[in-house]
Amino acid sequence: MYYVAEVNKEICSAKNCHLCTTFCPESNCINYSEADKSAFISVDRCKACEICVYICNDVAKNNAIEMKWIEDLEDGFVIKRTGIVLR
């Protein structure tokens, strides 16, 4: 297994800065949800580069993103032959 980024929605929605979506080098990896007012990670696109963690923690000082083992993600997922499906 491998690491992926995870956004703490409570912290992110309170800060509402969008910087991680701007600086992520992988297209459509970090997106913004208007409904949640928070960024979210497309797990299947995350390459664990940790740029979003640096931007969120060191530049924006929000501390809303951390790296986690993919099997320890809060929302969970199931790996299938056709890709990753969120539960």
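Values quoted throughout were computed directly from the atomic coordinates according to the rules given, and no laboratory measurement underlies them. For clarity, every value in this text was computed on a predicted model and none was experimentally measured. Note that we place each Cβ from the backbone using ideal geometry, even for glycine, and neighbour counts take in every protein chain shown.
Before moving on, here are some points about what is shown:
- Magnitude of the charge dipole, the stretch 3-86, Cβ model with Lys/Arg +1 and Asp/Glu -1, debye to 20: 200
- The amide H of S33, built 1.01 Å from its N in the peptide plane, has S38, A39, F40 as neighbours under 5 Å, considering only residues 5 or more places off or on other chains.
- Rounded to whole Hz, the Karplus (6.51, -1.76, 1.60) HN-Hα couplings of the stretch 55-61, x for glycine and proline: 4, 5, 7, 8, 8, 7, 6
- Cysteines without a disulfide-compatible partner [the chain; Cβ-Cβ under 4.7 Å]: C12, C17, C24, C29, C46, C49, C56
- Distance in nm between pseudo-label sites at S42 and E71 (7 Å out along the Cβ direction from Cα): 2.6
- Computed on the chain, with alpha-carbon pairs under 8 angstrom and 6+ residues apart, the relative contact order is 35 percent.
- Label-point separation, S33 to C49 (7 Å along Cα→Cβ), nm: 2.4
- For I65, the amide hydrogen comes within under 5 Å of the amide hydrogens of N8, counting only partners 5 or more places away or on other chains and with H modelled in the peptide plane.
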